[in-house]
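Just dropping this structure here.
The values are calculated or read from the model by the stated rules, or taken from the named source; none is laboratory data. Just so it is clear, the model here is predicted, and its values are computed rather than measured. Positions of Cβ are backbone-derived with ideal geometry, glycine not excepted, and every protein chain shown enters the neighbour counts. Side chains are part of the model used for accessible areas, which takes the heavy atoms of the whole protein and leaves out ligands, DNA and RNA. Shrake-Rupley method; radii C 1.70, N 1.55, O 1.52, S 1.80 Å.
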Amino acid sequence: LRLELFAEQIGRSRYTKAKRYRIRKIILKNFLKDSLLITAGIFAAAFGLKGFLLTNQFIDGGATGISLLITTLSGLPLWQIILGVNIPFIFLGYRIMGLPFAAKTTMAITGLALCLALVNFPIVTNDKILIAVFGGMFLGAGIGLAVRGGSVIDGTEVLAIFLSRKAGTTIGDIVLVINCIIFSLAAYLLSVEIALYSMITYMVASRMLDFVVEGIEEYIGVTIVSSHSQELREMIISVMGRGVTVYEGKSGYGKRGDTRQVEVIYTVITRLEIGKLKTEIEKIAPNAFVVMNPVKEIKGGLIKKRPLV
């Protein structure tokens, strides 16, 4: 009996050690990945700022736009202004998001400031449209990569989250108001032309940020309710090559709210497969109830595997 207990303890000890090793490995892997993403974001944003925007007095929205505006008006180094402007957002991020987020954000903003101070980037072009477009692309890519790494190099969204909770408005509305104020000040203090070009920069940067954060492929979650659930399930698996989740539900219909048991099918496809799925559903159940919603991110399953042809 003692030998059996001893063997069981050894087995548990080995399992515990293996589990701890696996957890440490996952933590280290995620840390290295986040660090690489933040570093790439720092250099991309710095290149957009020094190689395009700063020398031509173009600005962006958010904390970066405030920093560029102050630098243009005062002549102080951009790296100092970026540090000073973002310090309040770091403390606010600590209150709202916690210590890990604040630590990563401190690292990202400090790294951006050092990169702006120490690295010389070439001035790529003097064409204003190219400056606005490509400056916004590199800046948006840099901010997006930092977000993928779990930090921010522009603290406006942290402020927007805080104000939205206090005022009961959406984050998008807060960001819009802040940027309207920034571009209005740019039009008054610099020129209307610079403000208009800066708005192009902001729109390009915003789109690029969404592209980097959400990825190339856009995923769509599809919910289907039909009496032909068996055929639809087989079609999604065999024809579309995608996985399916089936829920047991009740369908309510009629003036009296009568109900009946139904199977609710849920699957996730890419945006490019919407047309094909609609066609296949039309073949089997033209009166099927179909709801499609965008999906920000997925993990696991069959969605990232190559579909069947």
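Considering only segment 101-108, I want to know if a residue exists there that is modelled with pLDDT under 90, open to solvent by 80 Å² or more (accessible area, probe 1.4 Å) and in a helix (DSSP H, G or I).
No, that holds for no residue.
Only one residue in Gly51, Gly61, Gly65 is more than 20 Å from Gly155 (Cβ to Cβ), touching a residue at least 12 places away in the same chain (Cβ under 8 Å), open to solvent by less than 60 Å² (accessible area, probe 1.4 Å) and of a type outside the set (Lys, Arg). Which one?
Working: Gly61 fails: more than 20 Å from Gly155 (Cβ to Cβ); Gly65 fails: more than 20 Å from Gly155 (Cβ to Cβ).
The conditions single out Gly51.
Restricting to segment 227-245, give me the number of residues that are open to solvent by 20 Å² or more (accessible area, probe 1.4 Å) and either touching a residue at least 40 places away in the same chain (Cβ under 8 Å) or under 29 Å from the mean Cα position of the chain (by Cα) (or both).
First, the residues of segment 227-245 that are open to solvent by 20 Å² or more (accessible area, probe 1.4 Å): 227-228, 230-231, 233-234, 237-239, 243-245.
Checking which are either touching a residue at least 40 places away in the same chain (Cβ under 8 Å) or under 29 Å from the mean Cα position of the chain (by Cα) (or both) leaves us with 227-228, 231, 238-239, 243-245.
Residues in segment 227-245 being open to solvent by 20 Å² or more (accessible area, probe 1.4 Å) and either touching a residue at least 40 places away in the same chain (Cβ under 8 Å) or under 29 Å from the mean Cα position of the chain (by Cα) (or both): 8 in total.
Results for (1) closer than 30 Å to Ala141 by Cβ; (2) modelled with pLDDT under 90; (3) out of contact with any Phe, Trp or Tyr (no Cβ under 8 Å at 6 or more places or on another chain), shown as yes or no for each residue.
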site: Arg207; (1), (2), (3): yes, yes, yes
site: Glu214; (1), (2), (3): yes, yes, yes
site: Ile237; (1), (2), (3): no, no, yes
site: Val244; (1), (2), (3): no, no, no
site: Val262; (1), (2), (3): no, yes, yes
site: Glu273; (1), (2), (3): yes, yes, yes
site: Ile284; (1), (2), (3): no, no, yes
site: Ile298; (1), (2), (3): yes, yes, no
site: Lys305; (1), (2), (3): yes, yes, yes
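Conditions tested, residue by residue: (1) open to solvent by 20 Å² or more (accessible area, probe 1.4 Å); (2) among the polar types (S, T, N, Q); (3) in a helix (DSSP H, G or I).
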{"residue": "Phe138", "(1), (2), (3)": "yes, no, yes"}
{"residue": "Gly150", "(1), (2), (3)": "yes, no, no"}
{"residue": "Asn179", "(1), (2), (3)": "no, yes, yes"}
{"residue": "Tyr188", "(1), (2), (3)": "yes, no, yes"}
{"residue": "Ile194", "(1), (2), (3)": "yes, no, yes"}
{"residue": "Met199", "(1), (2), (3)": "yes, no, yes"}
{"residue": "Ser206", "(1), (2), (3)": "yes, yes, yes"}
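Among (1) within 30 Å of Phe289 (Cβ to Cβ); (2) at pLDDT 85 or above, there is one condition Ile182 misses while meeting the rest; what is its number?
Only one criterion is unmet by Ile182, namely (1).
Follow-up. For segment 153-168, indicate whether the set of residues that are polar (S, T, N, Q), under 30 Å from Lys299 (Cα atoms), touching a residue at least 60 places away in the same chain (Cβ under 8 Å) and crowded, with 19+ Cβ neighbours inside 10 Å is non-empty.
Of the residues in segment 153-168, the ones polar (S, T, N, Q) are 156, 164.
Imposing the further condition that a residue be under 30 Å from Lys299 (Cα atoms) reduces the set to 156, 164.
Next, from what is left, pick out any that are touching a residue at least 60 places away in the same chain (Cβ under 8 Å): 156.
Subset that is crowded, with 19+ Cβ neighbours inside 10 Å: 156.
Scanning segment 153-168, I find at least one residue that is polar (S, T, N, Q), under 30 Å from Lys299 (Cα atoms), touching a residue at least 60 places away in the same chain (Cβ under 8 Å) and crowded, with 19+ Cβ neighbours inside 10 Å, so the answer is yes.
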